[in-house]
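Written below as structure tokens is the structure these notes are about.
The values are calculated or read from the model by the stated rules, or taken from the named source; none is laboratory data. Owing to the predicted nature of the structure, the values given are computational and were not obtained by experimental measurement. Note that we place each Cβ from the backbone using ideal geometry, even for glycine, and neighbour counts take in every protein chain shown. Ligands, DNA and RNA are stripped out before the accessible areas are found, and what is left, the full protein with its side chains, is counted by its heavy atoms. Shrake-Rupley method; radii C 1.70, N 1.55, O 1.52, S 1.80 Å.
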Amino acid sequence: MRIPCPICGNRDSREFDYMGHALTLDRPAPDAGLGAWDDYLHNRENPAGPTRDLWFHGLGCGAWLVVSRDTVTHEVFGAELARDVTGGRA
Amino acid sequence: MRFSGLRVLKEGLTGNRGWRPHWRDPAPKSDYDIVIIGGGGHGLSTAYYLAKEHGLANVAVLEKGYIGGGNVGRNTTIVRANYNLPGNSEFYSHSLKLWEGLEQDLNYNVMMSQRGVLNLCHSDGQRDAFARRANAMINQGDDAELLDREGVRRLVPYLDFDNVRFPIYGGLLHRRGGTARHDAVAWGYARGADSRGVDIIQNCEVTGIDIENGQVRGVQTSRGAIRAKKVALVVAGRSSQVAAMAGMRLPIESHILQAFVTEGLKPVIDNVVTFGMGHFYISQSDKGGLVFGGDLDFYASYAARGNLPMAEHVMEAAMTLMPMIGKARVLRSWGGIMDMSPDGSPIIDRTDVAGLYLNCGWCYGGFKAVPGAGHCLAHLIAQDRPHPAAEKLRLDRFRTGHGLMDEEGTGAQHNLH
């Protein structure tokens, strides 16, 4: 797989660490309660098909990316900087 | 149809005309006591033990493809009980004991071969950790032996003992571990369940789960609706999709794990050898192929095939451990879809829906669990209380934080196991 890093361009997936589903960008409020935090930390939609997940470009620019890709075909559709997705929060 | 040496001889002398299909191909009935979703190793063994141990034979196993076509046909066939933590220890011990009597129980040759599983260590710290693990195994009633460097050399002289990065210090030998023939395990359980009245229904995909007032009522399938008093989800890598039909989100992420086999060679590797520092393990099948694998590719995937970086890593680890393997030629590779749980340990439990049971989270360890998981899930379904060997495999341990089974000590979070 190659991942199109917005900063570095198309790079081999070996330069990146997979960091789980992008839902982890939507952190619950500290007082959201046990159920919300359990769901956030552990439960996953785990889609078979298109997904959005986080990749860390550790052997590149060090950016966190939100990558759109397909878990069945391994096709990568695109990537954007996580900070652009969150708008600066988190 | 009972198998025996005499029967094989007789059939051999009479043109093998007496063999019959090992199980029926029934049409689904409209109503069962119990429906098991998933005709893999775990689903078939669950059905077998429901019929054999609990006298419950009005059972259907629904398989969307063909039986044995999922992870029970996509593994590296290793059987062992060398776990460290309560919960896993008693469960895998229970499963190994069932393996040891399985061929007699099923009257089926699953080619169970207790050739020993050897874990290699490469540092003082790792050796200390193995000593602790060996004590945990012995306390559980299983076997464990610590070998020094010379002990390892006597057993597997072909390894590179003086590798600069990973010199071999010793090993943990679990003699009762070994391998079994994966397909035969699925077929043996299917035959055993079928002969006791269980309907094994292939090419039957579950498309919905019917729930009324918090109670499961049956399933919708590609071959029509089927009512059931109890339903069990036993679908490994596809657990999240099937659970979603019941409105559940599971603590599971599906990952790819690759394995490889070489062309058939004369006997050269007598045991199962694991090189944990290189994420590499190997054994030799009875057919002669060297069967080996590595770690996850480490990204969510349902592709049932991996990418080249991990293939390269596995080959490098192989060459590091046993340079002689460079002469072998890889015949093929494959990937299994692993239902990874946050702590790396499995789940056999009830759900919030009455009559709906869950078996998932086997990570990369589902094959050795086939007898134990079926035995314990059958107990849970039939008696509605957990089997003592599986009572710690709870779904709610992530929510409560109690009873997490993090064998690797890396934390009970996704993507760490």
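Data overview
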{"quantity": "Residue A:51 within 29 Å of residue B:243 (Cβ to Cβ), in contact with a strand residue (DSSP E or B) (Cβ under 6 Å, 6 or more places away or on another chain) and within 11 Å of chain B (Cβ to nearest Cβ)", "calculated": "no"}
{"quantity": "Pick from the range A:35-53, criterion of a type in the set (S, T, N, Q) and outside any strand (DSSP E or B), ranking: nearest to the chain's Cα centre (by Cα)", "calculated": "A:46"}
{"quantity": "Residue match in the range B:79-86 (condition: farther than 19 Å from residue B:138 by Cβ and open to solvent by 10 Å² or more (accessible area, probe 1.4 Å))", "calculated": "no"}
{"quantity": "Boolean, residue B:276 is open to solvent by 20 Å² or more (accessible area, probe 1.4 Å), in contact (Cβ under 8 Å) with a residue 60 or more places away in the chain and closer than 30 Å to residue B:238 by Cβ", "calculated": "yes"}
{"quantity": "Matching entry among B:165, B:196, B:227, B:176 (being in contact with a strand residue (DSSP E or B) (Cβ under 7 Å, 6 or more places away or on another chain) and open to solvent by 20 Å² or more (accessible area, probe 1.4 Å))", "calculated": "B:227"}
{"quantity": "Of all residues making up the range A:7-26, the number that are within 14 Å of chain B (Cβ to nearest Cβ), in a strand (DSSP E or B) and open to solvent by 70 Å² or more (accessible area, probe 1.4 Å)", "calculated": "3"}
{"quantity": "Inter-residue pairs, beta-carbon under 7 Å, first free of Cβ contacts under 8 Å to residues at least 12 places away in the same chain and in the range B:58-85, second open to solvent by 10 Å² or more (accessible area, probe 1.4 Å) and assigned to a loop (DSSP other than H, G, I, E, B), 6+ apart", "calculated": "none"}
{"quantity": "Test: residue in the range A:76-83 that is more than 14 Å from every other protein chain (Cβ to nearest Cβ), touching a Leu at 6+ places or on another chain (Cβ under 9 Å) and modelled with pLDDT under 95", "calculated": "no"}
{"quantity": "Strands (runs of 3 or more DSSP E) contained in the range B:329-417 and holding at least 1 residues modelled with pLDDT of 95 or more and open to solvent by 40 Å² or more (accessible area, probe 1.4 Å)", "calculated": "B:330-340, B:347-350"}
{"quantity": "Any hit, the range B:335-351, residues being within 14 Å of chain A (Cβ to nearest Cβ), closer than 26 Å to residue B:59 by Cα and out of contact with any Leu (no Cβ under 8 Å at 6 or more places or on another chain)", "calculated": "yes"}
{"quantity": "Filter result for the condition that a residue is within 14 Å of chain A (Cβ to nearest Cβ) and either of a type in the set (Val, Ile, Thr) or open to solvent by less than 20 Å² (accessible area, probe 1.4 Å) (or both), over B:253, B:316, B:312", "calculated": "B:253"}
{"quantity": "For residue A:1: the one exception among (1) at pLDDT 95 or above; (2) under 23 Å from residue B:252 (Cβ atoms); (3) facing another protein chain (nearest Cβ under 9 Å); (4) touching a Lys or Arg at 6+ places or on another chain (Cβ under 9 Å)", "calculated": "(1)"}
